[in-house]
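Scroll down for the structure; my scribbles are underneath it.
The values are calculated or read from the model by the stated rules, or taken from the named source; none is laboratory data. On a predicted model such as this, the values are computed, not experimentally measured, just so you know. Cβ placement follows ideal geometry from the backbone for every residue including glycine, while neighbour counts extend to all protein chains displayed.
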Amino acid sequence: MQQADTISAIATAIGEGGVGIVRLSGRGAIETASRMFRTAGGKSILEAGARALLYGTIVREDGRLVDEALCLVMRAPHSYTKEDVVELQCHGGALSLREVLALTYRFGARPAERGEFTKRAFLNGRLDLDEAQAVMDVVQAKTEKGLEMAAGHLVGHFSSRIRAMREDILAVVAHMEAVIDFPEEGVDDVVLEDVRAKVSEIHEKLEGIRKTAHTGRILKEGLETAIIGKPNVGKSSLLNALLREDRAIVTDIPGTTRDTIEEYVDIDGVPLKIIDTAGIRATEDAVERIGVEKARAHVESASLVLALFDGSRPFEAEDEEILSLLAGKDALLVVTKRDLPRVLDTNRLKALADFPLLEITTKEEDGLSPLIAAVMEKVFRDGGQAPEGSFVADLRTKDILDKAAAHLEAALSTMDEGLGLDFISIDLRSSLEKLGEITGETVGDDVLDEIFSRFCVGK
């Protein structure tokens, strides 16, 4: 395998820590490291085998000590990039790591670009494109379920389903084109009914994957959830209960929350970006009025709105205003203070807004159970039964799947219109090409550059 030029970067977070790692990859990685690393026994790392872990020191050009370190040598193709790779595992100090990195530059390496290590792993066949993208998803996972989804993609669960569909499409196309190109060879005639049945089967599988996009995006990015309601309805108490800490100030004084508070909450493995807003009401207070306007804006941008209503107080004009903000939104009507005597007319509430209604209390251990169950139902409404590694995890993949499905639908329409095999083949090949963009088999350099630019430098 031909190796590229040598790159290096700090592969661990900058700051103080137990261990800091400088990573090198490329045809000169081992030679570069040998010029700055001295083994305790005096043996050069150039003599190391395919895999070796050596103890020694890192020194400057004049022999002055930089740090004590371990040197991990991985010769091609037995490495992450399938190139020669060296990792210098030093003490985790920012200054010493920067000095070690500078030494790699002076001894022949160049600074790695964002995502360049993983890009090389992809280009060398170590990972396909979906698996490569999953590397950063693992790093950025916010909850256990998000991590499980990313890990499933990393080991190829999603890619294998895409490749299986491509193989099915390719088999249909190959048979059709054999009939078109070599009719004299006696290839069995294509039965359009059979082709239609196979394409319909592939389309159904593709639709099953597309349905997971809603859940997959939430598991990866989180569900932006706005809590709204009139003052003292229990918004901040709900936030604190979800966080299991006193994050927001709770008082009986209306207008206590004047600005929005944003926090990520782990709800049974699902990340929710909770936004606690100011109580919506008419006010003369200039600062509170700004908070109310920000609350209205968050309702517009949120994916889910939790509209809170105080069960111990009668329905008021402010409650009606809250309902008016929910038009066109995905929302839950949440009646708070279930532990107090009921005063609110919930029948009126349900008559005015066609959203699920539930009752909660923050004063009991399981008081939030109805809310958690309702949120989970919304998150997993389409792809709840799919293994975590089979969810569509990003908008790019969803867009590709949408276009691939459209080409399959066009092929089915072409059959219905009685057009020739050539026209059917064009649509099927277009779908085949689109699916290849997910695994990287049919993707351009500009797309690769854009994807890997989102990575950190050391990955």
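In the set I360, I400, which member is in contact with a strand residue (DSSP E or B) (Cβ under 8 Å, 6 or more places away or on another chain) and either at positive phi or surrounded by 13 or more Cβ atoms within 10 Å (Cβ to Cβ) (or both)? Please lay out each step first, then the result.
Values: I400 fails: in contact with a strand residue (DSSP E or B) (Cβ under 8 Å, 6 or more places away or on another chain).
Exactly one of I360, I400 is in contact with a strand residue (DSSP E or B) (Cβ under 8 Å, 6 or more places away or on another chain) and either at positive phi or surrounded by 13 or more Cβ atoms within 10 Å (Cβ to Cβ) (or both), namely I360.
Listed residues E148, E116, E144; which is farther than 30 Å from G269 by Cβ and either in contact with a Phe, Trp or Tyr (Cβ under 8 Å, 6 or more places away or on another chain) or not hydrophobic (A, V, I, L, M, F, W, C) (or both)?
Values: E148 fails: farther than 30 Å from G269 by Cβ; E144 fails: farther than 30 Å from G269 by Cβ.
Exactly one residue qualifies, and that residue is E116.
Can you give me the number of residues within segment 1-27 that are under 15 Å from V73 (Cα atoms) and surrounded by fewer than 18 Cβ atoms within 10 Å (Cβ to Cβ)?
The qualifying residues number 1.
Anything in segment 326-351 that is in a loop (DSSP other than H, G, I, E, B) and touching a strand residue (DSSP E or B) at 6+ places or on another chain (Cβ under 7 Å)? List them, or say none.
Our first condition is that a residue be in a loop (DSSP other than H, G, I, E, B); within segment 326-351, this holds for 326-330, 337-345.
Residues satisfying the conditions are L326, K329, D330, K337, R338, L344.
Answer yes or no: is there a residue in segment 181-191 that is at pLDDT below 90, closer than 22 Å to E417 by Cα and in contact with a Leu (Cβ under 9 Å, 6 or more places away or on another chain).
yes
Among the residues that make up segment 9-24, is at least one of them in a loop (DSSP other than H, G, I, E, B) and of a type in the set (K, R)? Let's see the steps before the verdict.
Here is the first cut: in segment 9-24, the ones in a loop (DSSP other than H, G, I, E, B) are 11-16.
Remaining after also requiring of a type in the set (K, R): none.
The answer is no; no qualifying residue exists.
Within segment 414-454, which residues are in a helix (DSSP H, G or I), more than 29 Å from H153 (Cα to Cα) and of a type in the set (A, V, I, L, M)? Let's see the steps before the verdict.
The initial filter retains those residues of segment 414-454 that are in a helix (DSSP H, G or I), namely 414-416, 421-439, 445-452.
If we keep only those that are more than 29 Å from H153 (Cα to Cα) as well, we get 414-416, 421-426.
Scanning segment 414-454 gives M415, L421, I424, I426.
Answer with yes or no whether A405 is at pLDDT 95 or above and crowded, with 16+ Cβ neighbours inside 10 Å. Break it down stepwise before answering.
Details: at pLDDT 95 or above: yes; crowded, with 16+ Cβ neighbours inside 10 Å: yes.
Yes.
Mind listing just one residue for me: the one in segment 107-141 that is of a type in the set (D, E) and out of contact with any strand residue (DSSP E or B) (no Cβ under 7 Å at 6 or more places or on another chain) and, of those, farthest from Q3 (Cα to Cα)? Even if it seems obvious, please write down each step before you answer.
Kept after step one, since they are of a type in the set (D, E), are these residues of segment 107-141: 113, 116, 128, 130-131, 137.
The next check asks that each one be out of contact with any strand residue (DSSP E or B) (no Cβ under 7 Å at 6 or more places or on another chain); those that pass are 113, 128, 130-131, 137.
Numbers: E113: 16, D128: 18, D130: 23, E131: 21, D137: 27 Å.
Ranking the qualifying residues of segment 107-141, first place goes to D137.
Residues in segment 433-446: is at least one more than 25 Å from V138 (Cβ to Cβ) and in contact with a His (Cβ under 9 Å, 6 or more places away or on another chain)?
Within segment 433-446, one or more residues are more than 25 Å from V138 (Cβ to Cβ) and in contact with a His (Cβ under 9 Å, 6 or more places away or on another chain).
Residues checked against (1) out of contact with any helix residue (DSSP H, G or I) (no Cβ under 6 Å at 6 or more places or on another chain); (2) part of a helix (DSSP H, G or I); (3) exposed (fewer than 15 other Cβ atoms within 10 Å of the Cβ):
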position: G63; (1), (2), (3): yes, no, yes
position: S79; (1), (2), (3): yes, no, no
position: K82; (1), (2), (3): yes, no, no
position: L95; (1), (2), (3): yes, yes, yes
position: R98; (1), (2), (3): yes, yes, yes
position: E113; (1), (2), (3): yes, no, no
position: F117; (1), (2), (3): yes, yes, no
position: G125; (1), (2), (3): yes, no, yes
position: K142; (1), (2), (3): yes, no, no
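Name, by its number, the condition in (1) in contact with a Ser or Thr (Cβ under 7 Å, 6 or more places away or on another chain); (2) closer than 18 Å to T6 by Cβ that does not hold for I58.
Here I58 clears every test but (1).
Does A411 satisfy the condition of being crowded, with 20+ Cβ neighbours inside 10 Å, part of a helix (DSSP H, G or I) and either touching a residue at least 12 places away in the same chain (Cβ under 8 Å) or of a type outside the set (D, E) (or both)? Show your work before the answer.
Values: crowded, with 20+ Cβ neighbours inside 10 Å: yes; part of a helix (DSSP H, G or I): yes; either touching a residue at least 12 places away in the same chain (Cβ under 8 Å) or of a type outside the set (D, E) (or both): yes.
Taking the combined requirement at face value, the residue satisfies it.
Just checking, how many residues over segment 444-459 are without any contact (Cβ under 8 Å) to a residue 60 or more places away in the chain and not small (G, A, S)? Even if it seems obvious, please write down each step before you answer.
Within segment 444-459, the first condition is being without any contact (Cβ under 8 Å) to a residue 60 or more places away in the chain, and the residues that meet it are 444-447, 449-450.
Okay, now just the ones that are also not small (G, A, S), so 445-447, 449-450.
Of the residues in that region, 5 qualify.
Give A50, A102 a once-over and let me know the one that is among the hydrophobic types (A, V, I, L, M, F, W, C) and either under 12 Å from R23 (Cβ atoms) or touching a residue at least 24 places away in the same chain (Cβ under 8 Å) (or both).
Numbers: A102 fails: either under 12 Å from R23 (Cβ atoms) or touching a residue at least 24 places away in the same chain (Cβ under 8 Å) (or both).
The unique qualifying residue is A50.
Which of the following residues is crowded, with 19+ Cβ neighbours inside 10 Å, aliphatic (A, V, I, L, M) and at negative phi: L46, L88? Reasoning before the result, please.
Numbers: L46 fails: crowded, with 19+ Cβ neighbours inside 10 Å.
After applying the criteria, what remains is L88.
Tell me, which residue of segment 38-55 that is assigned to a loop (DSSP other than H, G, I, E, B) and among the hydrophobic types (A, V, I, L, M, F, W, C) is farthest from I7 (Cα to Cα)? Steps first, answer last, please.
First, the residues of segment 38-55 that are assigned to a loop (DSSP other than H, G, I, E, B): 40-44, 48-50.
With the extra rule that they be among the hydrophobic types (A, V, I, L, M, F, W, C), the set shrinks to 40, 48, 50.
On the way: A40: 26, A48: 20, A50: 20 Å.
Step by step, filter segment 38-55, then rank; the result is A40.
Given the criterion farther than 15 Å from G234 by Cα and in contact with an Asp or Glu (Cβ under 8 Å, 6 or more places away or on another chain), identify the matching residue among L357, L325, L352, L344. It would help to see each step written out before you state the result.
Working: L357 fails: in contact with an Asp or Glu (Cβ under 8 Å, 6 or more places away or on another chain); L325 fails: in contact with an Asp or Glu (Cβ under 8 Å, 6 or more places away or on another chain); L344 fails: farther than 15 Å from G234 by Cα.
Result: L352 is the single residue among L357, L325, L352, L344 that is farther than 15 Å from G234 by Cα and in contact with an Asp or Glu (Cβ under 8 Å, 6 or more places away or on another chain).
Any residue that is surrounded by fewer than 19 Cβ atoms within 10 Å (Cβ to Cβ) and either closer than 29 Å to G440 by Cβ or modelled with pLDDT of 90 or more (or both) - is there at least one of those in segment 219-229?
yes
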